[in-house]
Amino acid sequence: MKFVQATQMPVFTAKEDPKDATVASHRLLVRAGIIRKQASGFYIWLPFGWKLHRQLEQIIREEMDKSGAVEVHLPILTTADLWKESGRFNLMGPEMMRVKDRHENEFVLAPTHEEAITDLARSFLQSYKQLPMNLYQIGTKFRDEIRPRFGLIRCREFVMKDAYSFHLTDNSLDETYQVMRSTYRKIFERVGLETIPVEADSGNMGGSDSEEFMVASEIGEETLLLCNDQENCGYRSNVEKTPVVESLSEKESKKEVPNYEEVLTPNKKSIEEVADFLNVKVTDIMKAVVFSNENSLVVAFIPGEREANLAKIQNASGENNLEPALEDEIQDLLQMPAGFIGPIGFKDKLNSEKGKKIIVLYDEKILKRSPLVCGAGKRDAHLKNVVPGRDFPMPEKKLDLSLAKEGDLCPRCQKNTLRATRGIEVGHIFKLGKKYTESLGLTVLDENGKPITPTMGCYGIGLGRTIATVVEQNHDDKGIVWPKNFSPFQIYWIDLLKEEVHKEQAFSLAKKISNHYSIYFDNRKERPGVKFNDADLIGFPLQIISGKSFAQEKKLEVKIRKTGEKKILTEDELLGENGFLRDFFRGHE
């Protein structure tokens, strides 16, 4: 629709901010009449919003089709049997909505579609000649988020573009992965977003390599760590994925250490309190962090100055959906009080009759430090002069369980330090490997007629959060400022004329201009101030006002929304071959 009147498509603006809005995009998308909340985590797309949503879909389709991907459409309701085949039915946790039909058959409201697409692929893929193949869809997903927030950035029901590629070799997968990486950059550039691809953890998705497309934002839920030398090194990673590189001061000590001894530390539970009380550095302390899920209790020993990295701990333990363990559970299963857990005599104190598997992990950085202070396994007591390998066994696996932070050495160049920034994830690409093709038994015949298991890639974009992120990056104190190339309409036309003959002339001119540019024609019987405020709030790139100047001289007032700059122009100055509109929208027609 290139030309729409307000009498056809109403303005749904609101004067008040929604009470639960804490970020600009949520506040402005509701006030500008782009979306409306129906329930926690559920949003209605209003006419302007749905027009923009379909515009984003079209951009995605154009770029995905250029990449060679083929569009399909999968149902949101998928059989639970597929999820049980892949092993993710219980792994996904409470975020995945499980339902039963009237016949007690189990189904899943799909939070993602790896199982469904692999099931589709195994129904028709037979030969290596059919590969590689990249299938994509734009469809609804559902995740039962415990705390939906930030409007479209974290909600329960949302639309996602998800693509899945199938390959004979890792080299073939890498080729498509790089094509999709480039395709994503083009998609985000077309909506005016500057993205930062960062290395990421694959989480429940599985697989090896993974990258997130982030947009720097103060409200971002993700912490990104970037090498300070982006020109020569260029390292970028999500904090969950970033390895912690030990500095020279963290290298192993060679001095002789006396036997460990127990010291009383009454009411000293925090690392800082213990270090202060014993006159040692925080880096001399080994602390225990404990996580739990339905099946297991995971104890991770990490350096005292570091925070635990849950993603690394879940990967190392093979456990998912871990949460901080409760003090009563720790006491019950470990026979040690929280805050005083240590590795010496640890196995003798474990209570294995409670039905939970107990997993103990050590961060390799503490194993290179000596002497250490750690919990004594009893309340108000610690051990000092503890030496790894002498006083407790050295584990076989070298693990990194700590959270990297700003100021750490860059793990790539190991010369420069890392700086931190916040980011909103708008896209994610994965090399899934054979996790789903193996578990669901997908094979094709190779050129020798032998069955071979294809490898997979997965590529996702959240449409709602992409739109919200555009608003986060493009707004001011008056409202949204849509980019020229991504807006429900290019022009917001405010008609203030009173005489019918003048109104008809302005309407005719607007229709003529709409042959080249999309126009929302505000012909409501409202006060001029209401129309001006709504135009600024809704934020289309350009405003055209037909008022007194048009009635007297056939001139139009033009206002650039982003800068507030105003011009008075004739029709020819506006629409001519070298006119204002052509220059303003150059490259964005």
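Every number in this text was worked out from the coordinates using simple rules, so none of it is lab data. Given the structure is predicted, the values throughout are model-derived calculations rather than measurements. Cβ: placed from backbone, ideal geometry, glycine included. Neighbour counts: every protein chain shown.
Quick one: which of LYS129/LYS434; LYS511/LYS548; LYS478/LYS559; LYS15/LYS37; LYS100/LYS434; LYS15/LYS484 span more than 22 angstrom between C-alpha atoms?
Details: LYS129/LYS434 19 Å; LYS511/LYS548 20 Å; LYS478/LYS559 14 Å; LYS15/LYS37 15 Å; LYS100/LYS434 30 Å; LYS15/LYS484 25 Å.
Pairs exceeding the cut-off: LYS100/LYS434; LYS15/LYS484.
Which value, in debye to the nearest 20, gives the size of the charge dipole of the chain about its Cα centre, when Lys and Arg are +1 and Asp and Glu are -1 at the Cβ?
Details: 84 positive and 90 negative charges, 243 e Å.
About 1160 debye.
Under 20 °C and 1.002 mPa s, how fast does segment 489-584 diffuse according to Stokes-Einstein, given a Kirkwood radius computed over C-alpha pairs? Answer in µm²/s, whole number. Display every interim value, and only then the final one.
On the way: Rh = 13.3 Å.
Translational D for this selection: 161 µm²/s.
Taking only the alpha-carbon atoms of segment 248-386, what semi-axes of the equivalent ellipsoid follow from 5 times the gyration tensor eigenvalues under a square root, in whole Å, largest first? It would help to have the intermediate numbers written out before the result.
Numbers: eigenvalues 122, 61, 34 Å².
Over the Cα atoms of segment 248-386, the ellipsoid semi-axes are 25, 17, 13 Å.
Enumerate the calculated ³J(HN,Hα) couplings along segment 314-330 in order (Karplus 6.51 cos²θ - 1.76 cosθ + 1.60, θ = phi - 60°), each rounded to whole Hz, writing x wherever the residue is Gly or Pro.
Those phi angles translate into 5, 5, 5, 8, x, 10, 10, 6, 6, 9, x, 6, 7, 4, 5, 5, 4 Hz.
With axes computed from alpha carbons, what is the tilt in degrees of helix 170-190 against the longest principal axis of the chain, rounded to the nearest 10 within 0 to 90?
40 degrees
At most 12 other Cβ atoms within 10 Å and a DSSP loop assignment: could you name the GluC sites (Glu not before Pro) in segment 256-297 that fit?
Details: sites: GLU256, GLU261, GLU262, GLU272, GLU273, GLU294; in loops: GLU256, GLU294.
Qualifying residues, ordered by number: GLU256, GLU294.
Helix 528-538 versus the longest principal axis of the chain: what angle, 0 to 90°, nearest 10, using Cα atoms?
40 degrees
Would you mind giving the three semi-axes, in whole Å and largest first, of the ellipsoid equivalent to the chain according to its Cα gyration tensor? Mind dumping the intermediate values first?
Working: eigenvalues 589, 180, 103 Å².
Rounded to whole Å, the semi-axes are 54, 30, 23.
Suppose a student asked you for the relative contact order of segment 489-584, using Cα pairs under 8 Å spaced at least 6 residues apart; what percent would you report?
For segment 489-584, the relative contact order is 28 percent.
Sort by residue number and name the cysteines in the chain that have no neighbouring cysteine Cβ under 4.7 Å.
Here CYS155, CYS374, CYS458 come out as lacking a disulfide-compatible partner, given the Cβ-Cβ threshold of under 4.7 Å.
Taking H as built 1.01 Å from N, whose amide H comes closer than 5 Å to the amide H of THR417, not counting residues under 5 places away?
Long-range HN contacts for THR417: ASN228, CYS410.
Helix 47-66 sits at what angle to the longest principal axis of the chain, using alpha carbons and giving 0 to 90 degrees rounded to 10?
It works out to around 70 degrees.
Which whole-number percent gives the relative contact order of the chain, counting Cα pairs below 8 Å spaced six or more residues apart? Numbers along the way, then the final one.
On the way: 1196 pairs, mean separation 105.0, N = 589.
Taking the mean separation of contacting Cα pairs over the length of the chain, I get 18 percent.
For segment 1-55 and segment 135-167, compute the distance between their C-alpha centroids and round to whole Å.
19 Å
Cα centroid distance between segment 545-588 and segment 101-115, in Å?
54 Å
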